[in-house]
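Quick notes on the structure that follows.
The values are calculated or read from the model by the stated rules, or taken from the named source; none is laboratory data. Values in this document were obtained by computation on a predicted structure and should not be read as measured data. Ideal geometry is used to build each Cβ from the backbone, glycine not excepted, and the neighbour counts take in all protein chains shown. Remember, those area values only see protein heavy atoms, side chains included, never the ligands or the DNA or RNA. Shrake-Rupley method; radii C 1.70, N 1.55, O 1.52, S 1.80 Å.
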Amino acid sequence: MDEKQNEFLSRLADVLEVDSITPQDDYRMTPLWGSLTCFALKVTIMQHYGCDVPLKDLDSFPDVKTLMENVLK
C-alpha cells in the first residue's frame, strides 16, 4: 500500500475508534458504527480528501477497500 492509502486507513480507524483497520474489514461491523459515526466519516472524507460520499453509500460499501477506492480515485 502507498502512503495515501495508509493515511486513509489511519483516519478511518481514528473515526471508528479502533486500533487499526485493513482493506478487507467491514467497517460497518465496528462497535462504534451508527448514524453519527457515518456522518463523522462523511465529514472527515470531505475535509481531508474533498470527496463527497453520500451517507447511503457509506452505509452500503461492503468493505474498507471499496470505500478507499471510491474516495482515493
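Points to keep in mind about this one:
- Taken residue by residue, segment 31-41 has no member that is in contact (Cβ under 8 Å) with a residue 24 or more places away in the chain and aromatic (F, W, Y).
- Scanning segment 1-22 for residues that are open to solvent by less than 90 Å² (accessible area, probe 1.4 Å) and either under 10 Å from the mean Cα position of the chain (by Cα) or closer than 13 Å to Y49 by Cβ (or both) yields a total of 11.
- Subset of segment 15-30 (residues that are under 15 Å from M68 (Cβ atoms) and either touching a residue at least 24 places away in the same chain (Cβ under 8 Å) or of a type outside the set (S, T, Y) (or both)): V15, L16, I21, T22, P23, Q24, D25, D26, Y27, R28
- Of all the residues in segment 29-54, those that are part of a helix (DSSP H, G or I), aromatic (F, W, Y) and open to solvent by less than 80 Å² (accessible area, probe 1.4 Å) number 1.
- Pairs, first within 22 Å of S20 (Cβ to Cβ) in segment 46-66, second hydrophobic (A, V, I, L, M, F, W, C) and in a loop (DSSP other than H, G, I, E, B), C-beta under 6 Å, six or more apart: V64/I21
- Condition check for L58: touching a Leu at 6+ places or on another chain (Cβ under 7 Å), within 18 Å of K73 (Cα to Cα) and among the aliphatic types (A, V, I, L, M): yes
- Unique residue being in contact with a helix residue (DSSP H, G or I) (Cβ under 8 Å, 6 or more places away or on another chain), assigned to a helix (DSSP H, G or I) and under 24 Å from M1 (Cβ atoms) when the list is D57, D25: D57
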